[in-house]
Amino acid sequence: MLRGLALLFVAVPFAYSQKPPFDVNALLSLRRISDPQISPDGRWVTFTVRSIDVAANKRPQAVWIVPLQGGTPHSITRPDEDSQRARWSPDSKHIAFVSDRGGSQQIWMMDPEGGSARQVTNLATEADGVLFSPDGKNLLFTSSVYPECGADDTCNRKNIDADKSSPTKARVYTELLYRHWTSWQTPRRTHLLSIAVEGGTPKDLTPGTHDAPPFSLEGNDDYDISPDGGEVCFAMNADPVPAASTNTDLYVVPIGSGQTRKITAAPGADSAPRYSPDGKYLAWLAQFRPGYESDRWRLMVLERSSGKVTDLTENLDRWVTNFTWSPDSSSLFFTTTDRGRQAIQLIPVTGGAIRVAASGDSVLDDMQLTRDGKTMVYTQQTGASPVEIYRASSSGGAPLALTHLNDAVLDTYQLTRLEEFWVDSADGSRVQSFVVKPPNFRPDEKYPAILLIHGGPQGFWGHDWTYRWNAQVFAAAGYVVVESNPRGSTGYGQKFIDEINGDWGGRPFDDLMAVTDHILAEMPYVDGSRLAAAGGSYGGYMADWLEGHTQRFKALISHAGVYDLASEFGATEELWFPLWEMGGTPWDKPEAYAKQSPNNYAKDFHTPMLVITGEQDFRVPYTQSLELFTALQLQKVPSKLLVFPDEGHWVLKPQNSILWYKTFLDWLDSWVKK
């Protein structure tokens with residue numbers, strides 16, 4: 001059995017106290033590691049590193065490489081470009097990657113040291129998501145094309161030029177979905193294309209008017225190539241109104257020529273297909289309940305010869321978040337979130353007992369195995385350390401860190417480990433929370449505290465690292481930070497998740513009040529008169545809800561929060577979400593929307609509140625925050641509005657991030673530290 005690493009802290013009081021607090025500048029100096037890929041010959045691991053250039057207000061990415069047996073990692077792409085998604089050729093002699101080094105985002109090829117680089121695609125619609133076919137003959141990639149053009153670059157280029165030269169920029173729509181996350185829908189659709197490794201004319205494998213594969217934020221590719229290189233499996237939502245449907249299905253198509261065939265028929269979501277190395281099986285992630293994006297994710301396996309489908313995790317009451325095949329196709333390694341942690345587990349392809357492969361007070365992910373099955377590579381992060389890459393024996397033994405890109409920064413600053421506690425809510429449900437204390441914490445002192453409420457609402461706080469709501473930055477500013485996982489949080493069973501449905505301001509509010517009671521009664525180092533709460537997305541909704549339902553907090557912060565459920569329904573884009581959560585439309589369920597909507601309690605607003613939003617947010621449109629700020633002002637509640645014209649649901653640009661943290665902490669300091 002493998003053991004995940006936990007960050008250890010040794011008490012060296014004098015040296016520790018001399019380190020500066022971990023602020024937003026330290027946060028932005030970290031290198032953000034992702035996407036480790038083992039070379040087929042087992043010698044190397046490539047990965048992507050995102051750095052933050054505050055002066056240029058950019059977030060460039062580079063491809064790095066490190067020996068699998070350990071050594072000094074280094075970049076193999078140029079610093080003046082944005083390069084990522086490195087994928088090895090089957091013979092380990094070449095790396096395909098995505099880069100803008102030629103002026104637009106295209107597929108490139110290089111050797112393992114970054115030399116002999118050549119451009120493979122030169123498409124007006126650009127390229128992304130590259131994969132090598134297992135036979136090494138073709139590359140599979142995605143491109144946003146005009147459906148009538150497909151892979152015809154001359155046709156696509158002509159349409160792009162016509163759109164650019166049009167004297168009017170008006171948009172006309174006759175159906176949903178017309179915008180998504182931060183982008184308005186255009187006539188173009190994402191298609192899967194294939195091209196010979198030597199280059200040439202690409203072929204459109206998923207022609208038509210649907211996005212195939214669909215847009216995904218989960219980090220799992222929604223397509224794969226069979227081991228013989230002859231077939232491609234991909235996900236697609238073919239429902240007439242994709243804005244109201246989660247029903248992605250899996251399809252297969254020959255990479256040469258032939259008909260597309262649908263191979264799943266369940267009403268929920270099917271995604272992330274992966275062929276077994278021997279080609280006998282296809283595995284994927286599935287949800288059973290239609291329209292519910294937070295239904296339990298299960299690990300499914302199809303025996304291709306017989307058509308037999310098995311739910312491998314039927315008896316596991318946790319979400320499967322990622323998976324990979326063992327090299328001999330006998331089992332699957334997968335990750336699940338449990339009580340603020342994410343472990344790597346293992347199950348036979350035929351089903352049976354699940355065993356833990358690696359775990360700890362951490363979040364583990366991105367696991368891969370060498371071809372001989374003896375070595376596993378994975379990423380690890382904790383609440384006090386960002387992602388690094390580790391190597392371990394698949395038969396057990398201590399892990400070895402392959403990267404230490406952030407050690408120098410972390411060793412320079414003070415960071416504090418997560419602690420946890422549990423409370424009983426009003427109905428007896430157990431609710432877990434995590435605490436991050438200020439550096440140089442003294443139990444005999446009194447500190448202000450901030451209760452952080454996560455988004456989703458089906459998300460969690462735990463032993464992972466975040467750049468947008470970093471508890472270490474808040475703690476370093478002198479606050480006791482409490483991260484609570486109320487009803488709706490993932491990692492506590494599907495029933496715990498489902499109990500938020502239609503009850504956004506009910507049981508989750510009771511859970512948070514129970515946590516607040518614990519803070520005041522069981523944390524003598526917290527000054528109960530200096531307590532604040534803050535959250536984003538659903539956490540912003542709950543901050544809005546707290547505003548009208550309690551005066552226990554001295555200050556509140558709402559980022560991209562849902563304020564008026566009925567008006568938000570008419571302006572958001574993924575309609576399946578409110579349709580499920582509220583049980584229908586506002587005209588079918590007016591009482592449900594009214595009861596759970598914070599705007600109907602504006603007459604009870606009293607607590608000073610900071611409101612933050614991005615104008616490019618199509619998930620929770622920024623008008624929700626404008627409505628909230630208007631109500632606060634008319635109620636004469638001390639309030640401030642921070643609007644980012646160039647941000648969406650998340651604040652990503654470096655200088656905007658600095659302003660976000662500064663405004664956040666200035667607001668707390670002005671009301672809570674008085």
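Read-outs: derived from the displayed coordinates by stated rules, not from any lab. Everything numeric here is computed off the predicted structure, so don't read it as measured data. With ideal geometry, Cβ positions are generated from the backbone for all residues, glycine too; neighbour counts draw on all protein chains shown.
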Backbone HN-Hα couplings from phi across the range 145-150 [Karplus 6.51/-1.76/1.60, Hz, Gly and Pro as x]: 10, 7, x, 6, 9, x
Positive-end residue, the chain charge dipole about Cα centroid, Cβ charges, pick of P386, F421, S89: P386
Added length on full extension, which subtracts the Cα-Cα distance from 0.36 nm per residue, S393 to F288: 34.3 nm
Relative contact order of the range 341-487, defined on C-alpha pairs under 8 angstrom at six or more residues apart (%): 20
Cα gyration tensor shape for the range 245-328, rounded if a/c is under 1.5, else prolate or oblate: oblate
Sequence of I263, I453 once ranked by neighbouring C-beta atoms within 10 Å, starting from the fewest: I263, I453
Extension reserve of the D128-W181 stretch, reckoned as 0.36 nm per residue once the Cα distance is removed: 17.2 nm
Anisotropy class of the range 14-130 from Cα gyration tensor, a/c 1.5 cut: oblate
Mean-position separation - Cα centroids, the range 158-227 and the range 72-114, in angstrom: 23
Net length gained if the chain between S29 and D311 were fully extended (0.36 nm per residue, minus Cα distance): 97.2 nm
Cysteines without a disulfide-compatible partner [the chain; Cβ-Cβ under 4.7 Å]: C233
Helix-only [θ]222 nm of the chain, DSSP H runs n ≥ 4, -39500 (n - 2.57) each, per residue, nearest 500: -5000 deg cm²/dmol
Projected label distance in nm at V172 and S529, using a 7 Å step from Cα toward the beta-carbon: 6.5
Separation of the A162 and D239 label points, Cα + 7 Å toward Cβ, nm: 3.2
In order through the range 238-247: 3J(HN,Hα) via Karplus (6.51 cos²θ - 1.76 cosθ + 1.60), integer Hz, x for Gly, Pro: 9, 5, x, 10, x, 5, 10, 9, 9, 7
Cα-based shape type of the range 193-341, given that a ≥ b ≥ c are square roots of the gyration tensor eigenvalues and the cut on a/c is 1.5: oblate
Where only alpha carbons of the range 414-672 are counted, the Rg and the Dmax (Å): 17.2, 55
Estimated inter-spin distance, F215 and S75, nm [label 7 Å along Cα→Cβ]: 3.0
Amide proton proximity set for A238, modelled H, under 5 Å, gap of 5+: D249
Karplus (6.51, -1.76, 1.60) ³J(HN,Hα), θ = phi - 60°, over the range 391-404, in Hz, Gly and Pro reported as x: 10, 8, 6, 6, 9, x, x, 6, x, 10, 6, 7, 10, 9
Within straight-line cross-link reach of K58, lysines at Cα separation under 27 Å, skipping those fewer than 8 residues along the same chain: K164, K653, K662
Cα centroid separation - the range 616-674 against the range 253-330, whole Å: 41
Flagged links, alpha-carbon separation over 21 Å, of K262/K495; K437/K495; K137/K203; K554/K640; K640/K674: K262/K495; K437/K495
Cα-only Debye scattering, the range 504-614: base-10 log of I(q)/I(0) at q = 0.13, 0.20 Å⁻¹: -0.51, -1.06
The chain, Cα convex hull volume normalised per residue, Å³: 161
